[in-house]
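Below you'll find the structure, written out as structure tokens, and then a few comments.
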Amino acid sequence: MKLPPARYIIMQHDGEWKINLDNRYYGPFETIEEATEMAVETARKAADAGYPASVLMMYGSRLERLWPDPERPI
């Protein structure tokens, strides 16, 4: 059985840095770096458990993949 993807999206929400996963917000984080570190750490754990995981940064309405390496297929 294929597991659903875990997409951790880093974004500003209500003026604070947060991580969105399945339309739930986690945080706030003081800096974008802190949010990114937490998202990547959590995504690695999900990937180790067998979930296809990725970390994305939201820039306005555009998403950019940060982890795994954007050059590597998921």
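FYI, it's all coordinate maths here, none of it is from the lab. Source: prediction; values computed, not measured. Note that we place each Cβ from the backbone using ideal geometry, even for glycine, and neighbour counts take in every protein chain shown.
What fraction of the DSSP beta bridges in the stretch 1-65 is antiparallel, stated in percent and rounded to the nearest 5? If you can, show how the numbers build up before the last one.
On the way: 13 of 18 bridges.
Restricted to the stretch 1-65, the bridges split so that about 70 percent are antiparallel.
Of the listed peptides 31-40, 60-69, what is their order by residue-averaged count of other C-beta atoms within 10 Å, with the highest listed first?
Details: 31-40: 16.4, 60-69: 12.2.
The packing order, highest mean first, is 31-40, 60-69.
For the charge dipole of the chain, defined by +1 on Lys and Arg C-beta atoms and -1 on Asp and Glu C-beta atoms about the Cα centroid, which residue among ALA39, PRO28, PRO68 has the Cα displaced farthest towards the positive pole?
Looking along the dipole axis, the top candidate is PRO68.
Calculate the radius of gyration of the Cα atoms of the stretch 7-56 to one decimal place, then report Dmax, the largest Cα-Cα distance, as a whole number, both in Å.
Looking at the stretch 7-56, its Cα Rg and Dmax stand at 10.4, 33 Å.
Taking θ = phi - 60°, what integer Hz values does the Karplus form 6.51 cos²θ - 1.76 cosθ + 1.60 yield along the stretch 30-45, in sequence order, with x for Gly and Pro?
Karplus values, whole Hz, x for Gly and Pro: 5, 9, 5, 5, 5, 5, 5, 4, 5, 5, 5, 4, 5, 5, 4, 5.
Give me the extension gain from LYS45 to ASP69: residue separation times 0.36 nm, minus the current Cα-Cα distance, reported in nm with one decimal.
Values: separation 24, 0.36 × 24 = 8.64 nm, distance 1.60 nm.
Going from the current span to full extension adds 7.0 nm.
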